[in-house]
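Inspection log for the structure reproduced underneath, given as structure tokens.
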Amino acid sequence: MKIDIIGAGSLGLLLAGMLMNSGCEVRLWCRTEDQAASLAESGLTVCNVAGEVQAHLKGEAMSAAPAPLFAAEWLKSPGDWLLLAVKQTVLHSELPDLLMPLRDITMNILCLQNGWGHLEMLQSLLPAASLYAGVTTEGAKRESGVRVIHAGKGHTYIGRWGEGGGGSLSPESLLAARLETAGFSASVSNQVETMIFRKLMINAVINPLTAIWRVSNGELLASAARIDLMRELYDEAAAVCDAAGIYREDSLWDDILNVCRATSGNRSSMLADVLASRETEIRWINGALAELARRTGVDVPLHRGIIRIIEGMIV
Ligand SMILES: NC(=O)C1=CN([C@@H]2O[C@H](COP(=O)(O)OP(=O)(O)OC[C@H]3O[C@@H](n4cnc5c(N)ncnc54)[C@H](OP(=O)(O)O)[C@@H]3O)[C@@H](O)[C@H]2O)C=CC1
Ligand SMILES: CC(C)(CO)C(=O)C(=O)O
């Protein structure tokens, strides 16, 4: 299986390193020539949280190049899967131009972004492509352009966007099997919309509060005042899901508390973005929820307020 990955950040490097280590052909498409050159020189290292090396690929084994070359190269030599491992912000701003030459091409694309709204955008941009959502609880943290930490082992659900799931020989089943061979836990889901919303609810409660209070995920549970506000955000989000007819498990609130415990030392991705003065993904997480609330006639004043607070942090 030949896999292209656009985005050589935390998740992209983790996927590339583990897939290549298990013998898969991977082409990695970076934002900068500098990172592609560093990877060709130093190779790629994946470590676990204890600092032990899980995979090391030598520089000469790497196929890394700047992303603007991707479309022309793909047309010359097509891959089986394209994995998009950039942030929502980039997916909506720079990726459309980069992918435009593939507009009429039939190809399989897996979108790994947290949040909601990107799949519709991509489907209208690339009407011939088969789009899949990848909802992952893997934890990845890039240490440098050539080194990534596998910060937490999770599970990845892969599901066809817009249509029911396929059978055992469907492209998504083969990709899930390939990820399993690489050491990940992965399976196919034919309820991908439910999975996306479940992850969105978790991110909508945890991410903005960690970013505002500048605390780790676990520190959200340190006081009753923090938990109360989390609960109020959750209740608003749950009302939106119910009004929109989106299934939600009864255990979801407890699941959110458990994510805080399981990732207690983690800096959420939104806190990391705020600390690095990068635009956050709030528009596609709480923002998507607020938009759905508007369409279903539910009021979500806390989410609306929190979106403005986070957006005001980046100038
Ligand atoms: N990290 C994780 O554990 C998880 C992440 N996700 C989701 O996965 C997505 C990616 O997250 P993550 O890997 O953490 O993010 P990172 O910011 O670590 O990585 C994004 C990468 O995209 C690159 N990039 C930016 N612009 C372009 C471009 N025009 N062309 C090619 N590459 C570009 C960045 O390059 P540069 O650094 O040079 O700017 C960076 O390497 C997000 O939507 C996130 O919500 C989901 C679950 C877990
Ligand atoms: C689950 C959580 C909150 C883990 O940090 C996450 O997905 C994120 O930080 O974006």
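The values are calculated or read from the model by the stated rules, or taken from the named source; none is laboratory data. If you're wondering where the values come from, they're calculated on a predicted model, not measured in any experiment. All Cβ positions, glycine included, derive from the backbone under ideal geometry; neighbour counts span all protein chains shown. For the accessible areas, the whole protein counts, side chains as well, though only heavy atoms, and no ligand, DNA or RNA atoms are used. Shrake-Rupley method; radii C 1.70, N 1.55, O 1.52, S 1.80 Å.
Quick notes on this one:
- Qualifying residue in the stretch 12-28 (condition: within 11 Å of ligand 1 (Cβ to nearest atom), more than 19 Å from Gly152 (Cα to Cα) and buried (at least 17 other Cβ atoms within 10 Å of the Cβ)): yes
- Qualifying residue in the stretch 92-99 (condition: within 16 Å of Ile3 (Cα to Cα) and among the small types (Gly, Ala, Ser)): no
- Test: residue in the stretch 219-232 that is open to solvent by less than 20 Å² (accessible area, probe 1.4 Å), outside the structural domain of Lys153 (by TED's automatic domain parsing) and under 21 Å from the mean Cα position of the chain (by Cα): no
- Checking each residue in the stretch 94-118 for being touching a residue at least 60 places away in the same chain (Cβ under 8 Å) and closer than 24 Å to Ser173 by Cβ picks out Asn108, Leu110, Leu112, Gln113, Asn114, His118.
- Applying the criterion of being polar (S, T, N, Q) and over 16 Å from Ala40 (Cα atoms) to the residues of the stretch 2-26, the residue that is nearest to the chain's Cα centre (by Cα) is Ser10.
- Against the test of being surrounded by fewer than 16 Cβ atoms within 10 Å (Cβ to Cβ), within 12 Å of ligand 1 (Cβ to nearest atom) and outside the structural domain of Pro301 (by TED's automatic domain parsing), the options Lys153, Lys141 yield a single qualifying residue, Lys153.
- Within the stretch 240-267, tally of residues that are crowded, with 17+ Cβ neighbours inside 10 Å and farther than 14 Å from Met201 by Cα: 3
- All told, Leu174 meets the bar of being open to solvent by 40 Å² or more (accessible area, probe 1.4 Å), within 17 Å of Leu83 (Cα to Cα) and at pLDDT 95 or above.
- Check on Gly43, modelled with pLDDT of 95 or more, touching a His at 6+ places or on another chain (Cβ under 8 Å) and farther than 28 Å from Ser170 by Cβ: yes
This table checks each residue for (1) open to solvent by 40 Å² or more (accessible area, probe 1.4 Å); (2) small (Gly, Ala, Ser); (3) at pLDDT below 95.
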| residue | (1), (2), (3) |
| --- | --- |
| Leu75 | yes, no, no |
| Leu84 | no, no, no |
| Lys87 | yes, no, no |
| Glu94 | yes, no, no |
| Gln123 | yes, no, yes |
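- Residue in the stretch 99-109 that is assigned to a loop (DSSP other than H, G, I, E, B), among the basic types (Lys, Arg) and surrounded by 15 or more Cβ atoms within 10 Å (Cβ to Cβ) present: no
- Unmet criterion (only one of (1) part of a helix (DSSP H, G or I); (2) open to solvent by less than 50 Å² (accessible area, probe 1.4 Å); (3) at pLDDT below 95) for Gly166: (1)
- Residue within the stretch 81-94 that is of a type in the set (A, V, I, L, M), within 29 Å of Ala262 (Cβ to Cβ) and within 15 Å of ligand 2 (Cβ to nearest atom) present: yes
- Total residues in the stretch 121-155, condition within 16 Å of ligand 2 (Cβ to nearest atom) and touching a residue at least 40 places away in the same chain (Cβ under 8 Å): 15
- Checked against (1) assigned to a loop (DSSP other than H, G, I, E, B); (2) within 28 Å of Met195 (Cβ to Cβ); (3) more than 16 Å from ligand 2 (Cβ to nearest atom); (4) not aromatic (Phe, Trp, Tyr), Asn114 passes all but condition (3).
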